[in-house]
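Below is one structure, written out as structure tokens, with a few remarks after it.
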Amino acid sequence: MSITTLRKRISFVAVTALTAGLISAVAAPVASANIYRSTNAVATVDSLNVASTGTSGNATGAAVVSNSSTMDTAAQSFGLLYKDSSSTTAQTATVLAGGTLVLYTLTHGTTATNVGLTATGGTFGTTLYDMGTAPSGEWADNLRTVYASGATAVAFTWNAGSTAGTYTISGYRSTATAQIAGRSTVTDGSLFGGITVTVVASAAAAGPVVANSTCSVATSATNSPSAADTSTIFTTGDSAYINLALKDAYLATNATSGNIVVTATGDAVVNIGTGTVTAGTASTVVAYGTGTSGDKNSIRVSQATSGAPVTTTVTISFNGATICTKTITIRGVPASMAITSVSSVESDGAGTATAYWLADGTNRDAHMYITLKDSAGNTVLPGTQSNGTSSTGNTEFTADSASITTMVTAFTVDSGDQATSLSSSVAPWGATAAKYTCASGMNGTQKVTVKHTSAATGKIITGTFDARCAGDAYTYTASFDKASYVQGEIATLTVKFLDSKGNPANSVTAIGAATITTPQMTKVTSDWDANTRTKADGTAVRTYVVGPDSGGAVTAGTYNGIIDVTGLTAVAATKQTVTYKVSTGQDTTTNADVLKSIVALIASINKQIQALQKLILKR
């Protein structure tokens, strides 16, 4: 069958299918034998180029071969369905049976070079080089080897033949006269180009192919979607955009127009367009286009109800076939507040804080986290909410005036400490870091109410926390969680630090390093150092596995652990001693214990015999 006849038959089938309304993303035949359209690559040294079918397709019914002056503009392959973007030794192409590839290259600038091509199938045909001069090379008998000697620019044709299969075309070059001087020495040159060509009997169906298409979520409409989603979580008032780049079976831009249907679940609205896309008004929208750059390639997803949180699954189909689905969350306005990780604060009147308390990698010195939530319980941001950024400085968080007293004198959110991101990769920045100030010398606990006033809506929400003011660690006590342990158990040592007034110490000032001796126990947590702080209740813990450091079985017995927080014992504190027992968990009964039990049993039996005798004598 000639390539012209094949084109006519394909066109007939396409028209028939269109009339019947059957063309879809997965079932429509190709209407042209030349669906690969692109501008030819500029001929360069060390590249083996394949001519495209032109930007509007090759309608000549045959390949167009050109000499060096126009090869990268006028040359056209015929029946070419797909070509990758490379031009070196690992190229791929797909062509219809009976089609022809036009290959061209600059051999070596202005230096005459011998160039040869070999193929595992098909046949070579026309060869032009050096401005159309007749070739001085020759073809091998099977027309699968061709070379041109003394050339600076060469164009070849390769006929695919009628047999479907996979074939390889290899290009070699050499400036040495001894190489590529005849068909038997072509492969003696240096390999500079290689193409794996797949010859098929018919073209694949027209329309987009899911595996080859890009469908990604971004913060704005774009004609060049990313390979991956930029984000799937958005702040209230923002819209998400799903950008399309639909490709066909040969990775070419989809040229088939069809019905693009977009549906969204939940309280979301959608719209589809090109360039700037206005917000939609319904959960379903239908458009007609290719879903490619400049033709209905961007979908806007918005909240149906302003300020209301929504999680929606958006489904996009092309002529009834699903192209992609995306789940998107647009969070709502702040509706509640969670205050966590509250530390106790030094009674110094300065509001001193340290990054050691939160220790979250953000280096924020603060006393607590404040997390804003929408009505669905999702984390949201304060300040100017624009997809992951917020204003700096404390423009929205304040303390209720009744909470500012002679004990707790201030509540602050420093510039740069507000939450700024909803990304899971920077999770700590989903919370605002805040601190409070305790008056000098004032010890005790007080409830503080924090207010958040939305800059956008003026809505106020509140949360409370227990502020605890205390002095620095002055003395301490220590205890284990159990009095006795079996080898292999976990033992927890708790040391409670008290200030000079006997209250639990604050969590701001370091308690300092300690020397701790615990026989028959192996530490799990690291040693305390100069930066160690207490928990909010004034305690610090250390964990052990019961068993000696050197391994092996424990030596059962009673032991004393000694806890020396050296910076405190040097002033007023006393070293603490904790007593505990350890055992192997096995039976430790001795012979003496057994003998003692036997004697006791005999004595008990004798008493019972005597009682029985008295009873008999009475009768």
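The numbers here are math on the coordinates, done by the rules we state, and not lab data. Keep in mind that what you see is a predicted model, and the values were worked out from it rather than measured. Quick reminder, even Gly has a Cβ in these numbers, built from the backbone with ideal geometry, and neighbours come from all protein chains shown.
Observations
- Relative to the longest principal axis of the Cα atoms of the chain, helix 591-618 runs at roughly 50 degrees.
- Reach of Lys296 by Cα under 28 Å, taken over lysines that are not fewer than 8 positions away in the same chain: Lys83, Lys247, Lys326
- For the chain, adding -39500 (n - 2.57) for each run of n ≥ 4 DSSP H residues and dividing by the number of residues yields -3000 deg cm²/dmol at 222 nm.
- The C-alpha atoms of the chain define a longest principal axis, and helix 3-20 lies at about 50 degrees to it.
- Prolate/oblate/rounded label for the range 48-90 (Cα gyration tensor, a/c 1.5): oblate
- Entries in Lys482/Lys523; Lys373/Lys496; Lys535/Lys581 that, when Cα-Cα distance is taken, lie over 24 Å: Lys373/Lys496; Lys535/Lys581
- Footprinting exposure proxy for Arg144, Arg364 (fewest neighbouring C-beta atoms within 10 Å first): Arg144, Arg364
- Note that the range 558-566 has calculated 3J(HN,Hα) couplings of 9, 10, 10, x, 10, 10, 10, 7, 4 Hz, one per residue in order, obtained from phi through the Karplus relation 6.51 cos²θ - 1.76 cosθ + 1.60 (θ = phi - 60°); glycine and proline are x.
- Whole-number percent relative contact order across the chain, with pairs defined as alpha carbons under 8 Å at least 6 apart: 8
- Extension gain for Lys523-Lys607 works out to 24.9 nm (0.36 nm per residue, less the C-alpha to C-alpha distance).
- Using the Cβ of Tyr288 as centre and a radius below 15 Å, the other residues enclosed give a net charge of 0, where K and R count +1 and D and E count -1.
- Candidate values (1) 1.04; (2) 1.46; (3) 1.63 were compared with Cα Rg over 2.2 N^0.38 Å computed on the shown model; the agreeing label is (3).
- Under-5 Å amide H pairs with Phe234, H placed in peptide plane, nonlocal only: Thr329, Ile330, Arg331
- For Lys607, the lysines whose Cα falls under 26 Å of its own Cα, not counting residues fewer than eight places away in the same chain, are Lys596, Lys618.
- Charge sum, other residues only, whose C-beta stays under 12 Å from Pro225's C-beta, Lys/Arg counted +1 and Asp/Glu -1: +1
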